[in-house]
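The values are calculated or read from the model by the stated rules, or taken from the named source; none is laboratory data. None of these values were measured; they are calculated from a predicted model. Because the Cβ atoms are built from the backbone with ideal geometry, glycine has one as well, and the counts that use them run over all protein chains shown.
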Amino acid sequence: MKDNNRIFLVEDDANFGSVLKSYLEMNDFVVTWIQDGAKAINSFNLQLFDICILDIMLPNMDGFSIAKIIKQKNSDTPIIFLTAKTLKDDIIDGFKIGADDYITKPFDSDVLLYKIRAILKRNTVDSENEKNFSIGKYEFDSSIRVLKFEEYTFHLSPKEGNLLKLLCQNKNKILDREKALNQIWGDNSYFNARSMDVYISKLRKYLLSDPTIEIENIHGSGFILKSQ
């Protein structure tokens with residue numbers, strides 16, 4: 001699990017939200033806190049988050065509705081419901097939507113913290129072990145470095161394949177430039193950085209047939225493979 005994971009917190013109680021945000025930030029998380037349900041989706045769309053913590057009873061839009069929209073946008077985004085709603089039917093509804101956990105108030109802050117870390121660690125391990133990836137309308141088998149789109153098949157070079165696999169493992173999240181350089185090229189020298197830019201351009205050409213896919217350059221940070 002990488003440091004400074006980004007948490008999307010939606011909680012309308014000002015005192016509780018402020019305390020929870022401070023607690024999570026003290027434990028090295030970057031927290032975006034929203035108090036209004038209707039504003040949550042716009043805020044979610046402005047950034048990329050590693051995990052969402054949602055209250056259910058919110059003004060203007062409830063947490064279940066927010067979670068459904070988040071899952072439609074990126075089904076891999078982990079969600080924890082943190083709520084006072086303790087009825088069995090509510091808990092079942094939360095998990096049906098795709099929640100990774102459902103925690104009822106009052107709760108132990110340390111337990112929440114370890115649950116967050118466990119979910120993030122599990123997602124990281126699952127991603128690292130995965131070999132087959134769906135990228136929009138493409139299918140990528142990283143074990144044999146084959147990228148397929150309808151009747152077209154692309155056989156990627158080792159560096160192309162390794163770079164695309166890293167991008168897929170971090171889909172819709174920032175792939176750190178230095179991490180990619182050190183892992184694939186062995187160091188983050190200027191010449192290797194320029195070489196990686198060339199390979200990014202090659203991957204963009206392979207993926208041109210699906211306009212919903214984008215490899216975005218995040219200045220000073222790295223790249224994001226954006227895809228549904």
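Name the residue that is surrounded by the fewest Cβ atoms within 10 Å (Cβ to Cβ), counting only residues in the stretch 195-227 that are acidic (Asp, Glu) and assigned to a strand (DSSP E or B).
From the stretch 195-227, those acidic (Asp, Glu) are 197, 210, 214, 216; that's our starting set.
Retained after the next criterion (residues that are assigned to a strand (DSSP E or B)): 214, 216.
Details: Glu214: 13, Glu216: 10.
Looking at the filtered set, the residue picked out is Glu216.
Kindly evaluate Leu87 against the criterion of being outside the structural domain of Leu175 (by TED's automatic domain parsing) and in contact (Cβ under 8 Å) with a residue 40 or more places away in the chain.
Details: outside the structural domain of Leu175 (by TED's automatic domain parsing): yes; in contact (Cβ under 8 Å) with a residue 40 or more places away in the chain: no.
Answer is no for this residue.
Specify which of the listed residues (Phe16, Phe64) is in contact with an Asp or Glu (Cβ under 8 Å, 6 or more places away or on another chain) and farther than 30 Å from Asp176 by Cα. Don't jump to the end; show me each part of the working.
Values: Phe16 fails: in contact with an Asp or Glu (Cβ under 8 Å, 6 or more places away or on another chain).
None of the other options fit; the residue is Phe64.
Within the stretch 33-50, work out how many residues are surrounded by 21 or more Cβ atoms within 10 Å (Cβ to Cβ) and closer than 18 Å to Tyr23 by Cβ.
Within the stretch 33-50, the first condition is being surrounded by 21 or more Cβ atoms within 10 Å (Cβ to Cβ), and the residues that meet it are 34, 37, 40, 44, 49-50.
Next cut, closer than 18 Å to Tyr23 by Cβ only: 34, 49-50.
Looking only at that region, the number is 3.
Of everything in the stretch 1-53 that's under 13 Å from the mean Cα position of the chain (by Cα) and among the aromatic types (Phe, Trp, Tyr), which residue is farthest from Phe64 (Cα to Cα)?
Filtering first and then ranking leaves Phe49.
Take Lys105 and decide whether it is among the basic types (Lys, Arg), more than 21 Å from the chain's Cα centre (by Cα) and surrounded by fewer than 12 Cβ atoms within 10 Å (Cβ to Cβ).
no
Could you list, in sequence order, the residues of the stretch 126-168 that are farther than 19 Å from Asp210 by Cβ and assigned to a helix (DSSP H, G or I)?
Asp126, Ser127, Glu128, Asn129, Pro158, Lys159, Asn162, Leu166
Each row is one residue, and each column tells you yes or no for (1) among the aliphatic types (A, V, I, L, M); (2) closer than 17 Å to Asn162 by Cα; (3) part of a helix (DSSP H, G or I).
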| residue | (1), (2), (3) |
| --- | --- |
| Lys85 | no, no, no |
| Gly94 | no, no, yes |
| Ile103 | yes, no, no |
| Phe107 | no, no, no |
| Asp110 | no, no, yes |
| Leu113 | yes, no, yes |
| Asn123 | no, no, yes |
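Conditions tested, residue by residue: (1) touching a residue at least 12 places away in the same chain (Cβ under 8 Å); (2) touching a Lys or Arg at 6+ places or on another chain (Cβ under 8 Å); (3) acidic (Asp, Glu).
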{"site": "Tyr114", "(1), (2), (3)": "no, no, no"}
{"site": "Asn132", "(1), (2), (3)": "no, no, no"}
{"site": "Asp141", "(1), (2), (3)": "no, yes, yes"}
{"site": "Lys148", "(1), (2), (3)": "no, no, no"}
{"site": "Asn172", "(1), (2), (3)": "yes, yes, no"}
{"site": "Asn182", "(1), (2), (3)": "no, no, no"}
{"site": "Gly186", "(1), (2), (3)": "no, no, no"}
{"site": "Lys205", "(1), (2), (3)": "no, no, no"}
{"site": "Leu208", "(1), (2), (3)": "no, no, no"}
